[in-house]
Amino acid sequence: MVSQGSSPSLLEALSSDFLACKICLEQLQVPKTLPCLHTYCQDCLAQLAEGGRLRCPECRESVPLPPTGVAAFKTNFFVNGLLDLVKARAGGDLRAGKPACALCPLMGGASAGGPATARCLDCADDLCQACADGHRCTRQTHSHRVVDLVGYRAGWYDEEARERQAAQCPQHPGEALRFLCQPCSQLLCRECRLDPHLDHPCLPLAEAVRARRPGLEELLAGVDNNLAELEATRLAEKEALTRLREQASKVVTQVEEAAERVLRALLAQKQEVLGQLRAHVEAAEEAARERLGELEGREQVAREAAAFARRVLSLGREAEILSLEGAIAQRLRQLQGCPWVPGPAPCQLPQLELHPGLLDKNCHLLRLSFEKQQPQDSEKDGARSEGGDATQPQSRDGVQTPDKDRAQTPQEDEAQPLKAERAETPEDDGAKTPKEGRAQTPQEDGGTQARGGGRSNKKRKFKGRLKSISREPSPAPGPNLEGSGLLPRPIFFCTFPTRMPGDKRAPRITGLCPFGSREILVADEQNRALKRFSLNGDYRGAVPVPEGCSPCSVAALQDAVAFSAAARLYLINHNGEVQWRRALSLCQASHAVAAMPSGDRVAVSVSGHVEVYNMEGSLATRFIPGGKANRGLRALVFLTTSPQGHFVGSDWQQNSLVVCDGLGQVVGEYRGPGLHGCQPGSVSVDKKGYIFLTLREVNKVVILDPKGSLLGDFLTAYHGLEKPRVTTMVDGRYLVVSLSNGTIHVFRGRPGDVAAKGIFSESRG
């Protein structure tokens, strides 16, 4: 049973919105109570009546409309009494700003008495001092309670006034309700008692309340019990929802870890197979080189002997031929007698054999199974009962593993060759992950089922397949994962809008860059502003820009900010003072800007080539990615730099991501299926050179190695990406992504990942 606590006070009822109509939001007028115990003004209810029924605005319960209209609903005398008390406290007639005595006009006219200073709680009249003294001395009113008017207005006597206040009959004004007609359950005054209820058994109100209070209290206790059950059920529902979310988070982690283990196992097998292939080829090449050397030596000796014999036979005289005939014949017979291999030595040609499970479309390494939750009480009873259903084996991390005694499915049997080694996750910042007790196959790990607390219950399972949220997965990761650890896994940090109260238009973020510690600088081209935000979304002000400039791409340098606007490159200090400006080519609609790792130079893309300026505004270098042979064949719409001094750009002319060194030589280029046919978008690079590429059309951010080989997806629509525009990284751990609607998402790299250890340079949107 719910603890009732203290009874609601009269002051709370008077000071709260209890006396306000929830429809018109004004003080209740002619309050009528519906069967659901909600009270409204009579006129307000009349406006809601429709089709013979009326729906409560609060609980939405529909009740039939009485034949005589809403006036037939019960009048709320409790609310009427409170309203009378409120009106009395507010005062009646005023004379010169003070309440007037109610008795003086009856005895000697309006000028016969003074202002009211007291109030009779029984008569509900304001009295002057003289009338109050006389009121206490008459036989009929000497028992009345006369109190100070100031204290009454302050609410000191509200409880006592309520006890002495009598409800008034709505049919006979001035008559108090004194009786209850038992057959009619109607309140009566003395006039109502005479007709038509003269022959009906009636009780005084006090006696009727004493008779009916126990029944109401019993019903109230039952409702309190129901409230306790509802509250317990509500809490249990919230706990179940919390467990569902926690378990879903665990399953997400387990799926990612399982996929990573499968990937590591597959990559390990790949390295093993490639190692065997290299060893076989090297051994075969070594043997072939020895044979070729021997064969070339024999061939040279034979050719020289044959050439000498032909020369003697063609140019020699008879005596010379005969004198050398014995030696030549002996040498030729000697060469003919040497063992000779008619053909090349047999060579074992390698062939790749794929496991049938890898080509089977019905082989699902990752599956979901759902178990029906039971109430906690039944779970505890089931745990205590003996001979109950045995729980399925469970690993330390709570993942349900397949029973050893049951028959394996063909998919599980096919997955046996892909057994993964025991995974050891690197520890960082003191965070430790539980070690697995045994090696699991990818099928076991992917097909496991999440469980809560190892309870022994009968569970009904529903098999389902995990559906991909993004449009399509990226191709298989590239071969170079050595030294990178696991693929980075983002953890959502926060999200915040960039529209400020002074903005006249919706933001259009075209540039992002780190700006000091745990801050970012946002280029809002639509509102012509460079806005500063903390990683938590706190607005830190703006960097002033020259009048009429709409910043497009932005990069932070040493105590300065570089940005492009229209066909110009600007360098300003933090106070907005222009240090220098340079005109750029008009052939390109927008120019990407990126800060060099040293922080004292800025790079800008101009008509297919890259120009680098120093802090004084002098052109330091200029190059075309891939050399002059690519003149007119490149269009770098997005540009960034890496700590290794490389330039990384999104080339819309070649529809590729290109990586080149400081001299313009192309180090790597990617134009594979991982782009999903989209134009490459914003790029960011961490301190190890790993590249994060935005694909706006498919709502993805993919990761590539320093040479431009695709490693996999980093962010997808599952992480809340909707038309991402620009990315950058702050303090080496926080990836900042802006969306087309002006919202910014911040993700934190998981410790031990590639992204968690790197820092990103500026990027252009």
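A few remarks follow.
- Of all residues in segment 36-80 being acidic (Asp, Glu) and part of a loop (DSSP other than H, G, I, E, B), the one that is farthest from the chain's Cα centre (by Cα): 61
- Strands (runs of 3 or more DSSP E) lying entirely in segment 651-714 (those with 1 or more residues that are open to solvent by 10 Å² or more (accessible area, probe 1.4 Å) and at pLDDT 90 or above): 666-670
- Residues that are part of a strand (DSSP E or B) and open to solvent by 20 Å² or more (accessible area, probe 1.4 Å), drawn from segment 589-608: 601
- Cβ-Cβ under 8 Å pairs, at least 6 apart or on other chains, segment 489-518 side charged (D, E, K, R), far side outside any loop (DSSP other than H, G, I, E, B): 489/256; 489/749; 503/524; 503/529; 508/524; 518/534; 518/730; 518/734
- Pick from segment 619-650, criterion outside any strand (DSSP E or B) and hydrophobic (A, V, I, L, M, F, W, C), ranking: farthest from residue 511 (Cα to Cα): 629
- Considering segment 91-107, the residues that are out of contact with any strand residue (DSSP E or B) (no Cβ under 7 Å at 6 or more places or on another chain) and small (Gly, Ala, Ser) include one that is modelled with the lowest pLDDT, namely 96.
- At least 2 residues being open to solvent by 20 Å² or more (accessible area, probe 1.4 Å) and more than 18 Å from residue 593 (Cβ to Cβ) is the threshold, and among the strands (runs of 3 or more DSSP E) wholly inside segment 511-565 those reaching it are 539-543.
- Single residue of 330, 336, 374, 348 found to be closer than 28 Å to residue 239 by Cβ, modelled with pLDDT of 60 or more and of a type outside the set (D, E, K, R): 374
- The residues of segment 612-650 that are open to solvent by 10 Å² or more (accessible area, probe 1.4 Å) and without any contact (Cβ under 8 Å) to a residue 24 or more places away in the chain, listed by number, are 614, 618, 619, 620, 622, 628, 629, 630, 631.
- Listed by first and then second residue, the pairs linking a residue in segment 347-367 that is more than 26 Å from residue 258 (Cα to Cα) to a residue that is in a helix (DSSP H, G or I), with Cβ atoms under 7 Å apart and 6 or more places separating them unless they lie on different chains, are 347/284; 350/277; 350/280.
- Annotation: residue 123 fulfils all but one of (1) surrounded by 14 or more Cβ atoms within 10 Å (Cβ to Cβ); (2) not in a loop (DSSP other than H, G, I, E, B); the unmet one is (2).
- Given (1) at pLDDT 85 or above; (2) surrounded by 11 or more Cβ atoms within 10 Å (Cβ to Cβ), number of the condition residue 296 does not satisfy: (2)
- Members of segment 44-62 found to be in contact with a Cys (Cβ under 8 Å, 6 or more places away or on another chain) and surrounded by 14 or more Cβ atoms within 10 Å (Cβ to Cβ), listed by number: 44, 56
- Hey, residue 575 farther than 26 Å from residue 531 by Cβ and open to solvent by 30 Å² or more (accessible area, probe 1.4 Å) or not: no
- Taken over segment 63-78, the criterion of being in contact with a Ser or Thr (Cβ under 6 Å, 6 or more places away or on another chain) and open to solvent by less than 50 Å² (accessible area, probe 1.4 Å) is satisfied by 76 alone.
- Residue in segment 175-196 that is small (Gly, Ala, Ser) and under 60 Å from the mean Cα position of the chain (by Cα) present: yes
The values are calculated or read from the model by the stated rules, or taken from the named source; none is laboratory data. All values derive from a computational prediction rather than experimental measurement. Ideal geometry is used to build each Cβ from the backbone, glycine not excepted, and the neighbour counts take in all protein chains shown. We work out accessible area using only protein heavy atoms, side chains counted, and drop any ligands, DNA or RNA first. Shrake-Rupley method; radii C 1.70, N 1.55, O 1.52, S 1.80 Å.
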